[in-house]
Structures are given as structure tokens and as C-alpha cells.
Amino acid sequence: MANETDIRLRGDVIYSIYVRNHTPEGTFNAIIPDLDRIRALGTDIIWFMPIHPIGVYGKKGSLGCPYANRDYRTVNPAYGTMEDFRHLVDEIHARGMKCIIDVVYNHTSPDSTLTLEHPEFFYRKPDGSMGNRVGDWTDVVDLDYSCDALWDYQIESLCMWAEIVDGFRCDVASFVPIPFWRKARAAVEKVRPGCIWLAETVHSGFGLMSRKSGMYSANDYEMFSAFDMEYDYDIREAFDKYLRGEIALSHYIDLLNFQECVYPDNHIKMRCLENHDQPRIASFVHDERALENFTAMLYFLKGTTLIYGGQEYRCEHTPSLFDRDVFPRDTSRDISGLLRKLYDLKKTVLSSEDYFRGEADDANDIAILTRDDNHTVKLGIFSLKGKSAAVAVPFPDGAYVDHLTGETVAVSGGRMLCDGRPMVLSRQA
């Protein structure tokens, strides 16, 4: 585990912004008027998806994918200038938030500055041409980290950005050698002490397939030696199966319990219902009460919470990565008040020191989750189908105040009534 990791990051909320699709203008400057609203949602960290120029050769869609990076050291001119970006970061800091940016170090666009200036940095196919190891990533070519000079270039780039931003979300970080990430972290720490490192680790099935095909793909346990936080893709496949009705809720809860015991004590998973690579949660969960429960459970889970821009409006359409696709802001679907209430609960009731344990009532699709820091025990009841049912709970009989509603609820005979709304109770340990 990275020794410098601050577990207080578990109490934070990240808001993800795709500059192109966040406003009609699609610019850095156009985001500034929205920062107060984003902060009011309960946001500690803003994560910008790649802000760099996008490759043209082999591009997907009308505008290309931001993960086909053309130049690591400049910004996309369609978004504005470097000075515009610096001003945006200053405005984020002025509101008490931090800023992290995406770094895409596994690959570049085929027409990147590096393919022209440093062709020795790139992976070669058997015929000697540049290429990539993942077949449908047709708009990128892979980098080759057996080249020491590539390490130097990439670390210099990170140190340059660390003068401006507070951390990095590292794309498909599992495909880049961990020793590189460790060396990069040490170098950046001298520039930006306390820099935040978030790894996009890969789905378990994708990682296994990659290793089987001869690719390098580090596992999640190994990645914690260099990163503060990582995706929870190690169990995402089970979550998606539950959403599709293919497995019982208890299967997913069992994997959450497994995470708690298998990773280092100061591990941090980033929890999300959706992101730019996953369908909108509202496209699966149409019932408003059920979605309220999924959202409340997201904030209750141990780890850093991610909100993807548009999630607060219960958007159902997954925005295109390759075209202009601004998410709609339908105020009739706005759940900003709920997000703020859950943020305040995350900050005041839950603790970064908590240990986690979960159970499930499969008959009613109700998650019964506990968090315990040896001082206070927190109980979360989440009815993921919005059903009412009496459930067994690990709390003594008595009366308790629901932190979400302020109402008093009773536990009798080791059971309590879940009325279909999410509930969070607490008691002294």
C-alpha cells in the first residue's frame, strides 16, 4: 500500500466532468459559472476527463475520443488555452475543492507528437509497425515501457501538471508497469506533496483475458502499492449481473465483504453507479424510489464516492465519447437535494476509520449494511427494488433516529420495518 495514502479520502466525493459535454460551449471558461452548483452538491474533488488535444488519424465519431491523446503537455484548443485552464483550477481551489486530471499513459493517438519525435517509445507489432494490443481500440497505438527514456518523459510531464493540479486519474493504469507508477509518485510528491493518485483498474474478466493473451495487467492488490484509490471494477461484473437480474443481491454483497478482508487495511476503493464507460444507472433503474436507495447505498459504501456529470439529473442516456453530446438538465428529475443530504451524512455520521460488513435479504432485494469504527456502529438499510418488508438487523431492540428523515424507527425482536425508503441508523459500539 502506498505509505502516503490519507484514508480521509474515503470521506470525499468526486465529480467527473467531460469538458466537451458539460456545457453547450464545451470550454473551460463555460464551466466556471457551474462551479458553485457543483460544490453545493457536495463535491470535494473535480476530475476532468482528458483535457489534451485529440488525435485526428483514425479518430472515432465526428470529434474523436479524448483518450486518443495527441500531446501530453498542452490542452485541447477547442476547450481554451492553458491560461484558461489555470484560471479554472484557481476558481475550483477558491471554492474549497481540489482538481485532478486524466492521464492516459498506456497509449497515444497514432498522430501524437511522440510518434513523430520519439518512435522508439512505442510498441511494435511483429511486422515492425506501431499498433495496439486491444483490438477494438483502433484509434490508438500502445507505448512500450521497456524504454527508459519514455519513463523520464512521462514523469517530467506529470511533474509539469502537478504544478497546477492536485492529482491524477490514471487511465487503464493496470496496463502500465507498477514500478513506473511508484517512481512517478515519488517524483511528483516533491512537486505536489499529498498528490492524489486514482487508478482505473480493469474488470476482473478483462484483466484475466489480457494476461492470458500475454499482455501485462497488474492485479488490484498490487496496484495499491502505488495508488491511493482504485476503481471497484474487481467486483463490477457482479454488480452489473445483479442489475440485469442474473444473480442474487447476496452474491454482490459477499464480494463487498471479500474486498474488506483481502485488501490492505488502508485501502480505498472508488465507488460509482455510473461513469463515462458505464451505462447511466437510471437506464437500468427506472423506479424513483429504487434509484434513491441505490444512490444512498453508493454513499454508504466504504470508499470515495464518484458522481458522473448528469447523474444528479437522473440522466438515462450515456453521452457519446466521440461527438458533442451535452447532457440535459431536466429540473423535474433533479436529485441534487438528495445528493447533498447524503454528502452531509457521509461527512458527519460515517467515518474513514470504519470497517464494513454487509448482508442481504434476497427475497426483497434489501441490502443490510454496517459500518463500525469501534466507537459508533452505523446501519444502512437499502431496498433496491423499493419494496417494503420487515428485515432482520444486527441492532439491539429499541428506538433509533433515521439520519435521512429524522424520524424514529423501532427494532423489535431483532427486526425492523423497511418502508421502501433508504434508512441510516447509528448506535454506540
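Numbers below:
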quantity	calculated
0 to 90° range, to nearest 10: angle between helix 178-191 axis and the chain longest Cα axis	90 degrees
Solvent-accessible heavy-atom area per residue, rounded to whole Å², over region 97-207 at 1.4 Å	36 Å²
Relative packing of 22-31, 131-140, which averages over residues the other C-beta atoms within 10 Å, highest first	22-31, 131-140
Two-site label geometry, A390 and D152: point separation in nm, points 7 Å out along Cα→Cβ	7.3 nm
Computed [θ] at 222 nm, helices only, for the chain once each DSSP H run of length n ≥ 4 contributes -39500 (n - 2.57)	-8500 deg cm²/dmol
Cut-off under 5 Å, modelled amide H: who pairs with V140 long-range	none
Heavy-atom surface of region 388-429, accessible at 1.4 Å and reported per residue (Å²)	48 Å²
Where labels lie 7 Å past Cα in the beta-carbon direction, separation of E117 and A30 in nm	3.0 nm
For T318, residues with placed amide H under 5 Å, excluding near neighbours	R280
Sites E288 and K183 - FRET efficiency at Förster radius 41 Å, r taken between beta-carbons, to 0.05	0.25
Residue-normalised accessible area of region 215-348, given per residue in Å² at a 1.4 Å probe	36 Å²
Most positive-pole-ward Cα, Y242, I51, G420, against dipole of the chain from beta carbon charges	G420
Contour excess over end-to-end distance, with Cα ends at D277 and T331 and 0.36 nm allotted per residue	17.0 nm
Degrees between helix 82-94 axis and first principal axis of the chain (Cα, 0 to 90, nearest 10)	20 degrees
Debye intensity ratio in log₁₀ form over the Cα atoms of the chain, taken at each q of 0.07, 0.11 Å⁻¹	-0.35, -0.85
Nearest 10 degrees, 0 to 90: helix 288-300 Cα axis against the chain principal axis	70 degrees
For peptides 419-427, 43-51, sequence by mean Cβ density within 10 Å, most packed first	43-51, 419-427
Loop sites in region 217-293: trypsin sites (Lys or Arg not before Pro), DSSP, at most 13 other Cβ within 10 Å	R244
Backbone HN-Hα couplings from phi across region 378-392 [Karplus 6.51/-1.76/1.60, Hz, Gly and Pro as x]	10, 10, x, 10, 10, 8, 6, 10, x, 7, 9, 6, 7, 10, 6
Simple Cβ-charge dipole of region 66-173, Lys/Arg +1 and Asp/Glu -1, about Cα centre, in debye nearest 20	240 debye
Förster radius 25 Å - calculated FRET efficiency between E222 and I247 (Cβ-Cβ, nearest 0.05)	0.40
Calculated FRET value between D373 and R73, using beta carbons and R₀ = 45 Å, to 0.05	0.55
Where labels lie 7 Å past Cα in the beta-carbon direction, separation of K190 and R340 in nm	4.5 nm
Residue list for region 400-416, given a label point 7 angstrom along the Cα-to-Cβ vector of A363 and an amide N cut-off under 16 Å	414-416
Filter on K347/K378; K302/K341; K60/K125; K269/K341; K269/K346 - keep pairs with C-alpha separation over 20 Å	K60/K125; K269/K341
F227 long-range amide H proximity, modeled H, under 5 Å	A2
Apportionment of accessible area to carbon and sulfur, the chain, percent (1.4 Å)	52 percent
Student exercise, the chain dipole from Lys, Arg, Asp, Glu Cβ charges, in Debye to nearest 20	420 debye
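The values are calculated or read from the model by the stated rules, or taken from the named source; none is laboratory data. Computed from a predicted structure; not experimentally measured. Virtual Cβ from ideal backbone geometry, glycine too; neighbours counted across all protein chains shown. SASA here: full protein model, heavy atoms, side chains in, ligands and nucleic acids out. Shrake-Rupley method; radii C 1.70, N 1.55, O 1.52, S 1.80 Å.
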